[in-house]
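Have a look at the structure below before the remarks.
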Amino acid sequence: MLPDFRIRQRDYLLEIARAMSQELNLDKLLTRIVHISAEMLAGQAGLIALRREKGGWGVATAHGIPAAFLRYLNVLMAQVQSHENATSSELPEINQLLQELTRSTSLGLMASVGLPLIAFERLIGVIYIFRSYLDVFSANDRALLQSFADQAAIAVHNALLYTQVSQEKQRMDALLDTVADGMLILAPNRVVERCNPAFEHMLGIPKENIIGSHHEDVIRWKKHNQGMTLEQAEAGGWPLVPNAILYVEGDLERANGTSLPVGITYAPLLSSEGTLLNTIATVRDITHFRELEEIKSTFVSVISHELKTPVALIKGYVATLRRDDASWNQEVVKDSLQVIEEEADRLAVMIENLLDATRLQAGGLKLNLADLFLGALADRIVERFRTQSDRHTFVVDFPEAYPSILGDEDRLTQVFSNLISNAIKYSPEGGEIRISGQEQPDELVICVSDQGPGIAPGDLSHIFDRFYRASDASRTTKGAGLGLYLTRALIEAHGGHIWVDSRYSGGARVCFCLPR
């Protein structure tokens with residue numbers, strides 16, 4: 001017949017074995033352990049304190065101990081310094097702390113026993129059981145608690161690992177769900193196991209219709225520009241090594257039939273034996289990069305053409321004037337020099353616009369603000385333009401006592417000049433060019449209108465884009481497509497905005513407003 005304490009030891013060890021196999025939630029497991037321990041040793045209270053990874057200790061669970069005492073105890077335990085040999089250095093300090101506190105407080109805890117929780121030669125915590133009467137814990141009590149603590153330590157170690165894995169999974173889930181790029185996790189047979197919200201948004205397909213589908217049914221190429229597709233690469237033996245990254249670029253077909261330029265990077269996840277476990281696909285929207293490439297191409301094309309024309313004219317006239325076999329009268333020389341000067345001015349304006357565009361992009365455009373009367377500024381600029389066109393009638397229409405604003409005179413002169421110059425350029429048959437001003441409660445509105453053919457509806461949303469030129473205008477007029485882009489940027493730098501009045505039917509009418 002087994003001694004009584006041996007029977008109790010067997011029963012409680014079976015109980016903790018069941019807890020180890022059934023419970024991985026750390027909080028529930030610790031609560032269960034401290035209750036079993038207190039019951040096993042006929043204790044009225046108990047606690048489990050765990051050693052923290054970043055230093056210090058903390059009470060993980062307690063039974064029969066007031067919350068106020070635990071809060072105070074936690075503050076003191078957190079100050080215990082970490083040592084390499086925690087069993088010989090930290091445990092005595094924890095023991096002394098608990099003994100002094102239980103003696104100095106009126107909790108009625110007369111006797112206590114504490115044993116370390118050690119798993120795989122690593123101290124992870126300590127368990128304490130208290131009795132409310134004076135009694136010495138016997139050797140059998142200690143042996144029973146020690147055998148229980150050994151098993152409990154393994155259970156706590158496993159629950160801690162499970163908690164760490166769960167937290168890591170939560171971090172990975174949060175990362176996957178919040179990353180801006182689309183993400184797919186594929187099984188070895190290329191079936192989608194998971195996708196993130198960004199990918200759902202890219203394709204316009206709900207997650208429920210993506211997960212469980214084959215890769216080739218989700219990634220449908222309208223146009224394939226660069227690299228091998230995943231199916232082609234795997235047919236060729238990919239991946240041969242763990243870091244075999246595959247990149248493919250092209251236009252994906254979306255749910256609504258439109259296409260989306262993307263670059264997809266595939267990375268294999270291999271087992272230690274080299275077996276493919278998963279393929280991670282990162283899908284990046286490259287629309288912006290495509291637009292930049294198009295802008296770069298347009299820039300090279302437009303600037304090459306626009307620089308070539310004045311340079312060719314200047315070179316031609318200079319070469320003609322320098323000919324030794326001809327003599328030119330004063331009138332021809334004067335006309336030739338005028339053309340050279342005009343083309344040089346064109347080049348200077350174009351270079352200045354390019355510099356301004358660069359400053360805008362770099363955020364280096366600064367304003368020198370001062371009180372400014374827009375009506376008077378418009379009069380001065382129009383006087384200069386009257387000498388450039390005898391086919392246009394210029395009208396400046398501002399109310400009397402038009403308010404002043406805080407603005408940069410040089411930059412707003414550039415705005416007026418760009419708009420009036422465009423009005424002249426795009427109404428070659430002549431007519432009236434009107435610069436008018438209106439007062440609103442919080443802003444001043446200025447409009448520049450002409451009597452030309454107007455702006456085509458398809459161009460209205462693009463005319464303020466960098467390097468954009470309407471197809472008709474590009475064939476009949478010169479320009480790099482920077483004037484209105486800079487005009488908009490300068491108006492916005494003053495806190496205003498600019499638009500095309502689409503209701504105006506007598507030509508083109510561009511308006512902007514500035515805060516009062």
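The values are calculated or read from the model by the stated rules, or taken from the named source; none is laboratory data. Predicted model only: the values in this text are computed from it and were never measured. As a convention, Cβ positions derive from the backbone with ideal geometry for all residues, glycine included, and neighbour counts pool all protein chains shown.
What the table below lists for this structure:
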quantity	calculated
Restricting the range 241-259 to residues that are of a type in the set (G, A, S) and not in a loop (DSSP other than H, G, I, E, B), the residue that is surrounded by the fewest Cβ atoms within 10 Å (Cβ to Cβ)	S259
Top-ranked residue in the range 253-267 [being in contact with a helix residue (DSSP H, G or I) (Cβ under 7 Å, 6 or more places away or on another chain) and of a type outside the set (G, A, S); ranked as nearest to T279 (Cα to Cα)]	Y266
Filter result (at pLDDT below 75 and assigned to a loop (DSSP other than H, G, I, E, B)) within the range 458-516	R466, F467, Y468, R469, A470, T477, K478, G479, A480, G481, L482
Filter result (closer than 24 Å to L277 by Cβ, under 27 Å from the mean Cα position of the chain (by Cα) and assigned to a loop (DSSP other than H, G, I, E, B)) within the range 187-230	N196, I211, I219, G227
The range 318-345 residues that are more than 16 Å from Q388 (Cα to Cα), paired with ones that are outside any helix (DSSP H, G or I) (beta carbon under 9 Å, 6 or more apart)	T320/A326; T320/W328; L321/W328; S336/W328
Test set (1) outside the structural domain of I314 (by TED's automatic domain parsing); (2) surrounded by 14 or more Cβ atoms within 10 Å (Cβ to Cβ); (3) touching a Phe, Trp or Tyr at 6+ places or on another chain (Cβ under 8 Å) - Q414 fails condition number	(3)
Top-ranked residue of the range 1-58 - restricted to ones that are at pLDDT 65 or above and among the hydroxyl-bearing types (S, T, Y), ranked as nearest to S166 (Cα to Cα)	T31
Qualifying positions in the range 377-436 - under 25 Å from H494 (Cα atoms) and of a type in the set (G, A, S)	A378, A401, S404, G407, S417, S421, A423, S436
A233 vs. criteria part of a loop (DSSP other than H, G, I, E, B), of a type in the set (G, A, S) and either under 19 Å from I185 (Cβ atoms) or at pLDDT below 90 (or both)	no
Members of the range 121-171 that are surrounded by fewer than 18 Cβ atoms within 10 Å (Cβ to Cβ) and acidic (D, E)	E121, D135, D150, E168
Count of the range 368-413 residues which are assigned to a loop (DSSP other than H, G, I, E, B), free of Cβ contacts under 8 Å to residues at least 24 places away in the same chain and either within 16 Å of G496 (Cα to Cα) or of a type in the set (D, E) (or both)	2
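The rows are residues; the columns are (1) within 20 Å of R131 (Cα to Cα); (2) surrounded by 13 or more Cβ atoms within 10 Å (Cβ to Cβ).
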site: H63; (1), (2): yes, yes
site: E84; (1), (2): no, no
site: S89; (1), (2): no, yes
site: E93; (1), (2): no, yes
site: T102; (1), (2): yes, yes
site: T105; (1), (2): yes, yes
